[in-house]
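First up is the structure itself, then whatever we jot down about it.
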Amino acid sequence: MAAGVAPNTLGKFEDERVKSREIHLSTAAKIYRTALAMASEKDVELPPLDHFAKDQEGGE
């Protein structure tokens, strides 16, 4: 909600039963920017996105 993304949008993306689990890059960016800001307010550092990309490619 803080990112301005409808809960339904994120719910469909997270639901493994949904055939098309795509999410727009702009939506993902909104979520990530909001998560970064919220983490910063709590002095928490989130891992960079390239870490997750490597995981998906089998790199780490």
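Yes or no, residue by residue, for (1) modelled with pLDDT of 90 or more; (2) part of a helix (DSSP H, G or I); (3) charged (D, E, K, R):
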{"position": "Thr9", "(1), (2), (3)": "no, yes, no"}
{"position": "Phe13", "(1), (2), (3)": "no, yes, no"}
{"position": "Arg33", "(1), (2), (3)": "yes, yes, yes"}
{"position": "Ser40", "(1), (2), (3)": "yes, yes, no"}
{"position": "Phe52", "(1), (2), (3)": "no, yes, no"}
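When Glu22 is tested against (1) touching a residue at least 24 places away in the same chain (Cβ under 8 Å); (2) open to solvent by 50 Å² or more (accessible area, probe 1.4 Å); (3) assigned to a loop (DSSP other than H, G, I, E, B), just one condition goes unmet, and that condition is (1).
The values are calculated or read from the model by the stated rules, or taken from the named source; none is laboratory data. On a predicted model such as this, the values are computed, not experimentally measured, just so you know. A quick note on method: Cβ atoms are made from the backbone with ideal geometry, for glycine too, and the neighbour counts reach across all protein chains shown. Areas reflect the complete protein model, heavy atoms only, side chains present, ligands, DNA and RNA absent. Shrake-Rupley method; radii C 1.70, N 1.55, O 1.52, S 1.80 Å.
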